[in-house]
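Notes to accompany the following structure.
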Amino acid sequence: MPSTNLKHQVEQEHSSSEPNLKGTLISVSVVGGFLVLSWLAVFGLFLAR
Amino acid sequence: MIAEKTGLSKADSRLVMSFMWVTFISLLIGGLMGLLQTLVRTGNFNLPFGIGYYQILTVHGVILGLVLTTFFIIGFQFALMAKTVGMTNKQRKWAWASFWVMLIGTIASAIMILLGKASVLYTFYAPLKAHPIFYFGLTFVVVGSWIACFVNFHQLYQWKKKHQGEHSPLLAFMVVINMLMWFICTLGVAATVLIQFIPWSLGLVGEINILVSRTLFWYFGHPLVYFWLLPAYMAWYAILPKIIGGKIFSDSLARLAFILFLIFSIPVGFHHQLLEPGIDPMWKYIQVVLTFAVIIPSLLTAFSMFATFEITGRQKGYTGLFGWFRHLPWKDVRFFAPFMGMVAFIPAGAGGIINASNQMNQVVHNTIWVTGHFHLTLATTVILTFFGITYWLVPVLTGRKIDKKINTLGMTQTIVWLVGMFFMSGSMHLAGLLGAPRRSAFSDYQGSAQAAEWIGYQYGQAIGGSILFIGILIMLYNFFYMTFKAPKGVEEFPIAEAPDGSEPTPLVLENWKLWIGITVVLIAFAYTIPFVDIIQNSPPGSPPFEWPIGNG
Ligand code: HEM
Ligand SMILES: [Cu+2]
């Protein structure tokens, strides 16, 4: 369980804990990617017409 | 005793329930019209008794887009304010006044629409002319909502007086932001209705400046969609964390997002008028740039939601990159319905960015793609969140409990809605890309080859629409059950807290003068020059048209 270890380390370094938000980072990146791709798809349609 | 635990008195509950009743009666009437629209559009169904397509489409748009939303939102917000900052007897009297004024206006407009005297659709674009009572009715709805604005402002003001130097409760802050935005934007629609439409429909003046009326309408029309969305965000930011057993991710971030919505929601109406001649393209461009600024608080919200879920999951001991996903209460409809609303907001948001992009707007403008888009934003994201709220709010108000039965029915309702919307909205999007128009009954356009491509999707919409209507019937049953039948008991009013040891929220976030000032300056910047230009260079106004639709 590498992620919990990491959390522990961080907790010791700072007095308040920094939460592990790797899953969040990936999730929001996927959402962002989806926005860009769908935009490009319709832009392609615009160029094609 | 119930009141003590749930924090809402009997009197407050009765007030909020009245708003809920109007909401759910509207859902039934409006939903039935929606079903009829999809059937007409297959070409195999004709409306009986000489009812016109635009008559039912006006009922659908007005009652679902304007009435259901406004009543639910104002009722829900009264509940939030009563719970977080309290409501005095005097404030409650004014709140009832807002309810009755809005209801009288609604009934007056509804009668005109049902008589076929106001088939002008919910955007009531000039030069279509409805019966004057239709416009008076709308005025009452807006004035009633203003009373609610001032009650909410006064509630927070009184609380602040008693709690000097403290932060307002997050939900109360959010309600006041939403009502501020609503007040500022409805000034535009009130201006066009009172100064332009009413005198013109009464025959006191002969002509109407169409471009001015549309510009004032969309000055209101875009913030309108944020007026629908922000109450859903209130539930996402400040209520869902409690339901999943966690804390708010960041109080400051939530407030910042709401302030950005206030600032960037109004000076952007031109993105609905990109194909309108007579507006300087430069100013359209500026407003499109401002529109894209709304992406920032939207993505802040997405980040905040994922972070809440992940942190809560990790605290519960779920590890790995996505282990936290499993801890979410998938079988609790109070979570599941709003969560699916969030999921729907991903394609909905993507569609919105496409609509607002000048070039692509030309691909989708006035096609049924647009209808598909707002059935995702409004009729899925917002509505599923409102339904999710209903599953705890109505029991709180009626002194009953959510039982297993209602939870199961709620889960079923959510899934039925999603399936129906997948077919209906999906077909609308695809048909729109192929050029199928919105706001139109069936036609084969004299055998045009292009129109022949759409027919499969029209059937797709009818299938989706029928499934959705079943969803509406289930929801109505749920509402009745929670109002009259569910077991008596105390249901919690879920309000999440900020995490322990979090940084204090910066006071600048509650500097109302600053944020209102920036909002007003930005509106003045985005609208003054183009608006003066529109007034000075407009073509002659238009006489009213009562035919073929309108007041025929
Ligand atoms: C049974 C569920 C529903 C069905 C079958 C349905 C169907 C439709 C259809 C077919 C149209 C477009 C017709 C046209 O442009 O010719 C439409 C428009 C619209 N719908 Fe729905 N809808 C449903 C639920 C909702 C809900 C829940 C809302 C809002 C809360 C909503 C809001 C609107 C609005 C504002 C319009 C625009 C009307 C206009 O363009 O004037 N609909 N609906
Ligand atoms: Cu808009």
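The values are calculated or read from the model by the stated rules, or taken from the named source; none is laboratory data. None of the values given here were measured: they were computed from a predicted structure. Cβ coordinates were reconstructed from backbone atoms using ideal geometry, including for glycine residues, and neighbour counts include every protein chain displayed.
Which of the residues belonging to the stretch B:317-341 are exposed (fewer than 15 other Cβ atoms within 10 Å of the Cβ) and more than 12 Å from every other protein chain (Cβ to nearest Cβ)? Once the filter is applied, which keeps residues that are exposed (fewer than 15 other Cβ atoms within 10 Å of the Cβ) and more than 12 Å from every other protein chain (Cβ to nearest Cβ), the stretch B:317-341 yields B:PRO329, B:TRP330, B:LYS331. Apart from one condition, B:TRP236 fits all of (1) assigned to a helix (DSSP H, G or I); (2) of a type outside the set (Asp, Glu); (3) within 14 Å of chain A (Cβ to nearest Cβ); (4) touching a Pro at 6+ places or on another chain (Cβ under 9 Å); the exception is (3). Taken over the stretch B:200-217, the criterion of being within 26 Å of the chain's Cα centre (by Cα) and hydroxyl-bearing (Ser, Thr, Tyr) is satisfied by B:SER213, B:THR215. Residue count for the stretch B:369-382 under the criterion of being out of contact with any Phe, Trp or Tyr (no Cβ under 8 Å at 6 or more places or on another chain) and more than 10 Å from every other protein chain (Cβ to nearest Cβ): the result is 7.
A single member of A:LEU47, A:LEU37, A:LEU25 is at the interface with chain B (Cβ under 9 Å from one of its Cβ atoms) and either at pLDDT 90 or above or in a loop (DSSP other than H, G, I, E, B) (or both), and it is A:LEU37.
Mind listing whichever residues of the stretch B:55-100 are away from ligand 2 (no atom under 16 Å from the Cβ) and over 26 Å from B:PHE173 (Cβ atoms)? Once the filter is applied, which keeps residues that are away from ligand 2 (no atom under 16 Å from the Cβ) and over 26 Å from B:PHE173 (Cβ atoms), the stretch B:55-100 yields B:GLN55, B:ILE56, B:LEU57, B:THR58, B:VAL59, B:HIS60, B:VAL62, B:ILE63, B:LEU64, B:VAL67, B:TRP100.
Restricting attention to helices (runs of 4 or more DSSP H) lying wholly within the stretch B:1-81, give those where 2 or more residues are under 22 Å from the mean Cα position of the chain (by Cα) and surrounded by fewer than 19 Cβ atoms within 10 Å (Cβ to Cβ).
B:10-40
Could you say whether any residue in the stretch B:84-97 is within 27 Å of B:PHE134 (Cβ to Cβ) and either within 19 Å of the chain's Cα centre (by Cα) or not in a helix (DSSP H, G or I) (or both)? No, because not a single residue in the stretch B:84-97 is within 27 Å of B:PHE134 (Cβ to Cβ) and either within 19 Å of the chain's Cα centre (by Cα) or not in a helix (DSSP H, G or I) (or both).
Only one entry in B:ASN366, B:ASN355, B:ASN361 is within 16 Å of ligand 2 (Cβ to nearest atom), more than 25 Å from B:TRP21 (Cβ to Cβ) and away from every other protein chain (no Cβ under 14 Å), namely B:ASN366.
List the pairs whose first member sits in the stretch B:198-221 and is within 16 Å of ligand 1 (Cβ to nearest atom), whose second member is not in a helix (DSSP H, G or I), and whose Cβ atoms are under 7 Å apart, counting only residues at least 6 apart or on separate chains? From residues that are within 16 Å of ligand 1 (Cβ to nearest atom), the pairs are B:ARG214/B:TYR125; B:ARG214/B:GLN273; B:ARG214/B:GLU276; B:PHE217/B:THR123; B:TRP218/B:GLN273.
Could you identify the single residue in B:GLY447, B:GLY399, B:GLY489, B:GLY410 that is away from ligand 1 (no atom under 16 Å from the Cβ) and either of a type in the set (A, V, I, L, M, F, W, C) or without any contact (Cβ under 8 Å) to a residue 12 or more places away in the chain (or both)?
Unique residue meeting the criteria: B:GLY447.
Comparison of B:LEU194, B:LEU211, B:LEU204 shows that the only residue that is part of a loop (DSSP other than H, G, I, E, B), surrounded by fewer than 23 Cβ atoms within 10 Å (Cβ to Cβ) and not hydroxyl-bearing (Ser, Thr, Tyr) is B:LEU204.
With the structure loaded, tell me whether B:ILE346 is buried (at least 22 other Cβ atoms within 10 Å of the Cβ), aliphatic (A, V, I, L, M) and either at the interface with chain A (Cβ under 9 Å from one of its Cβ atoms) or in a helix (DSSP H, G or I) (or both) or whether it fails that test. No; evaluated as a whole, the condition is false for this residue. Would you please name the residue that is farthest from ligand 2 (Cβ to nearest atom), looking only at residues in the stretch B:242-291 that are within 14 Å of chain A (Cβ to nearest Cβ), surrounded by fewer than 21 Cβ atoms within 10 Å (Cβ to Cβ) and in a helix (DSSP H, G or I)? Here the answer is B:LEU253.
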